[in-house]
Amino acid sequence: MTEAVKKGRRSAGETVAYAVAVILAGAVVAFVVAVVASFVGLPGAVTWVVVLLALAGFAYIAYRGSGDRAPAAVEKTGPPSASAAANMREERGMGDAPLVGIVMGSQSDMTVMEECATVLAGFGVPCEVVVASAHRQPEKVQEWASAAAERGMRVIVAGAGKAAHLAGVVAALTPLPVIAVPIKTSDLGGLDSLLSMVQMPSGVPVACVAINGARNAAILAVQILGTSMPEYRERIVAMKREMAGD
Ligand code: RP5
């Protein structure tokens, strides 16, 4: 029913391919070193030491590179890395369980909402993406939103267009903070979505970002996580430093 999005980590296949590629490169360098050494007449023992050092160096690079991969968008923000955040989650026994749930009213919202998943992945935040319409699939929405907190999620991002009641319905069903993303529409340009989300009646709030503001929704979700998880707060600090040109 739901599709887990776990970006920012190498798959087993990628890890093996990476290690094989680096070791092969090491073997090539070792071969070249051996040829050059014999050409210049180095003693055999010295040649072997140089070859073994070259192989050990490449094996070390393969070992260091075989773990998590920080997507390019976040590598720019500098440490702490996405893999550091993943390691801290593992230390807490949280593994890759989704921390943020992304729900949207229609598959047609995905073109906007996928940016939210991409940005979260860049921060090393595991998330879950689900399409569930408040008016076409109310039972699915109820089931998913009611269980989200117990399943370990900390924030929900809800994107919908037109009479966009999805975020409000989800907010009614969960104690988690809900961030609404009003989707731009062909008839009213998304003002319909914006007003139906931002004008929630008192008592059931949703935070609302700009029309099609999926990126900001992701950043806000990371900031909320950062209030209790320092690894995410530090990544937000690093991102702000970079935006300021420091
Ligand atoms: C809402 O209606 C969805 O969130 C979407 O933005 C809009 C149009 O949905 P489709 O007709 O494209 O499925 O429920």
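The values are calculated or read from the model by the stated rules, or taken from the named source; none is laboratory data. Model, not experiment: these values are computed from the prediction. Note: ideal-geometry Cβ built from the backbone for every residue, glycine included; neighbour counts use all protein chains shown. Just the protein is used for accessible areas: all its heavy atoms, side chains included, with ligands, DNA and RNA removed. Shrake-Rupley method; radii C 1.70, N 1.55, O 1.52, S 1.80 Å.
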Practice problem: Scan the range 223-241 and report the pairs whose first residue is in contact (Cβ under 8 Å) with a residue 60 or more places away in the chain and whose second residue is among the hydroxyl-bearing types (S, T, Y), with Cβ atoms within less than 6 Å and a gap of 6+ or a chain change. | Solution: L225/Y232; A238/T77; M239/T77
Exercise. Report the residue count in the range 134-144 for those that are more than 16 Å from L99 (Cβ to Cβ) and within 24 Å of the chain's Cα centre (by Cα).
Key: 1
Exercise. Give the residues of the range 156-202 that are touching a residue at least 60 places away in the same chain (Cβ under 8 Å) and of a type outside the set (A, V, I, L, M), sorted by residue number.
Key: K184
Quiz item: Mind checking whether some residue in the range 152-160 is open to solvent by less than 60 Å² (accessible area, probe 1.4 Å) and either out of contact with any Gly (no Cβ under 9 Å at 6 or more places or on another chain) or not assigned by TED's automatic domain parsing to the domain that holds P230 (or both)?
Solution: yes
Quiz item: How many of the residues making up the range 91-144 are in a loop (DSSP other than H, G, I, E, B) and more than 16 Å from the ligand (Cβ to nearest atom)?
Solution: 12
Quiz item: Does K184 meet the test of being within 19 Å of the chain's Cα centre (by Cα) and assigned by TED's automatic domain parsing to the domain that holds V125?
Solution: no
Quiz item: Across the range 188-246, which residue is surrounded by the most Cβ atoms within 10 Å (Cβ to Cβ) among those that are under 18 Å from the mean Cα position of the chain (by Cα) and acidic (D, E)?
Solution: E231
Quiz item: Out of (1) open to solvent by less than 10 Å² (accessible area, probe 1.4 Å); (2) closer than 15 Å to A217 by Cα, what's the single condition that is false for S133?
Solution: (2)
